[in-house]
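The values are calculated or read from the model by the stated rules, or taken from the named source; none is laboratory data. It should be emphasised that the depicted structure is a prediction, and the values quoted were computed from it without experimental measurement. Cβ placement follows ideal geometry from the backbone for every residue including glycine, while neighbour counts extend to all protein chains displayed.
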């Protein structure tokens, strides 16, 4: 997160790591790191990815990914809306409108708020269906 931040890309940790950080779940083994990027687009991140080990198979309209120290890091775009909230358009087929105040901190770490994590978990089946639909059409 700090490497990206130093290059002008500020992200918030989400997924299982944020759930642990917020004490919403017990510590466990993780396969990746999920970061969330509130921005109008991926332009600044794409510049950073040129110097990182990008995973091209994870390049979607809503997501980018790279490998750092043998760990997959996935970055999900959260586009700002006029009402102050954010939206992620998963596979251009499912729009998750994030709750207000989705971006916070915990112990000095930028992390998605608990309400945002819950909203994401609730939408997970719809996100998977959007991925399946997208794959069938491409």
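So which of 119, 125 is in a helix (DSSP H, G or I) and free of Cβ contacts under 8 Å to residues at least 12 places away in the same chain? Let's see the steps before the verdict.
Numbers: 119 fails: free of Cβ contacts under 8 Å to residues at least 12 places away in the same chain.
The unique qualifying residue is 125.
Just to be sure, is residue 39 under 24 Å from residue 121 (Cα atoms) and at pLDDT 95 or above? Walk me through how you get there before you give the answer.
Details: under 24 Å from residue 121 (Cα atoms): yes; at pLDDT 95 or above: yes.
In short, yes.
Which pairs have Cβ atoms under 8 Å, sit 6 or more apart or on different chains, and link a residue in the range 25-37 that is farther than 30 Å from residue 81 by Cβ to one that is modelled with pLDDT of 95 or more and surrounded by fewer than 22 Cβ atoms within 10 Å (Cβ to Cβ)?
If the second residue must be modelled with pLDDT of 95 or more and surrounded by fewer than 22 Cβ atoms within 10 Å (Cβ to Cβ), the pairs left are 31/72.
Keeping to the range 97-112, report how many residues are in a loop (DSSP other than H, G, I, E, B) and within 15 Å of the chain's Cα centre (by Cα). Spell out how you get there, then give the answer.
Quick first cut of the range 97-112, residues in a loop (DSSP other than H, G, I, E, B) only: 98-102, 107-108.
Pick out the ones that are also within 15 Å of the chain's Cα centre (by Cα) and you get 98-99, 102.
So the answer is 3.
I need the helices (runs of 4 or more DSSP H) fully contained in the range 1-65, keeping only those with at least 2 residues that are touching a helix residue (DSSP H, G or I) at 6+ places or on another chain (Cβ under 7 Å). Please lay out each step first, then the result.
Details: elements: 2-6, 15-21, 43-49.
By residue number, 15-21.
Looking at the range 85-99, is at least one residue on the phi > 0 side of the Ramachandran plot, free of Cβ contacts under 8 Å to residues at least 60 places away in the same chain and touching a helix residue (DSSP H, G or I) at 6+ places or on another chain (Cβ under 8 Å)?
Taking the range 85-99 first, the residues on the phi > 0 side of the Ramachandran plot are 91-92.
Adding the requirement that they be free of Cβ contacts under 8 Å to residues at least 60 places away in the same chain leaves 91-92.
Subset that is touching a helix residue (DSSP H, G or I) at 6+ places or on another chain (Cβ under 8 Å): 91-92.
Scanning the range 85-99 turns up at least one residue that is on the phi > 0 side of the Ramachandran plot, free of Cβ contacts under 8 Å to residues at least 60 places away in the same chain and touching a helix residue (DSSP H, G or I) at 6+ places or on another chain (Cβ under 8 Å).
Does any residue of the range 65-72 turn out to be closer than 19 Å to residue 44 by Cα, in contact with a strand residue (DSSP E or B) (Cβ under 8 Å, 6 or more places away or on another chain) and surrounded by 17 or more Cβ atoms within 10 Å (Cβ to Cβ)? Full working, then the answer.
The initial filter retains those residues of the range 65-72 that are closer than 19 Å to residue 44 by Cα, namely 65-68.
If we keep only those that are in contact with a strand residue (DSSP E or B) (Cβ under 8 Å, 6 or more places away or on another chain) as well, we get 65-68.
Checking the rest, the ones that are also surrounded by 17 or more Cβ atoms within 10 Å (Cβ to Cβ) come to 65-66.
Among the residues of the range 65-72, at least one is closer than 19 Å to residue 44 by Cα, in contact with a strand residue (DSSP E or B) (Cβ under 8 Å, 6 or more places away or on another chain) and surrounded by 17 or more Cβ atoms within 10 Å (Cβ to Cβ), which makes the answer yes.
Within the range 40-55, can you find the residues that are within 20 Å of residue 80 (Cα to Cα) and surrounded by 17 or more Cβ atoms within 10 Å (Cβ to Cβ)? Before the answer, list the steps.
The first filter runs over the range 40-55 and keeps only residues within 20 Å of residue 80 (Cα to Cα), leaving 40-46.
Selection gives 42, 45.
Taking the range 114-138 as the search range and keeping residues that are out of contact with any helix residue (DSSP H, G or I) (no Cβ under 9 Å at 6 or more places or on another chain) and surrounded by 16 or more Cβ atoms within 10 Å (Cβ to Cβ), which one is farthest from residue 77 (Cα to Cα)? Quick ask: steps written out before the conclusion?
Narrowing the range 114-138 to residues out of contact with any helix residue (DSSP H, G or I) (no Cβ under 9 Å at 6 or more places or on another chain): 115, 118-119, 122-126, 128-138.
Keeping just the survivors that are surrounded by 16 or more Cβ atoms within 10 Å (Cβ to Cβ) gives 119, 123, 130, 134.
Working: 119: 16, 123: 16, 130: 16, 134: 17 Å.
Looking at the filtered set, the residue picked out is 134.
Please go through the range 11-24 and pick out each residue that is surrounded by 12 or more Cβ atoms within 10 Å (Cβ to Cβ) and either free of Cβ contacts under 8 Å to residues at least 60 places away in the same chain or touching a strand residue (DSSP E or B) at 6+ places or on another chain (Cβ under 7 Å) (or both).
Filtering the range 11-24 down to residues surrounded by 12 or more Cβ atoms within 10 Å (Cβ to Cβ) leaves 11-22, 24.
Once the filter is applied, which keeps residues that are surrounded by 12 or more Cβ atoms within 10 Å (Cβ to Cβ) and either free of Cβ contacts under 8 Å to residues at least 60 places away in the same chain or touching a strand residue (DSSP E or B) at 6+ places or on another chain (Cβ under 7 Å) (or both), the range 11-24 yields 11, 12, 13, 14, 15, 16, 17, 18, 20, 21, 22.
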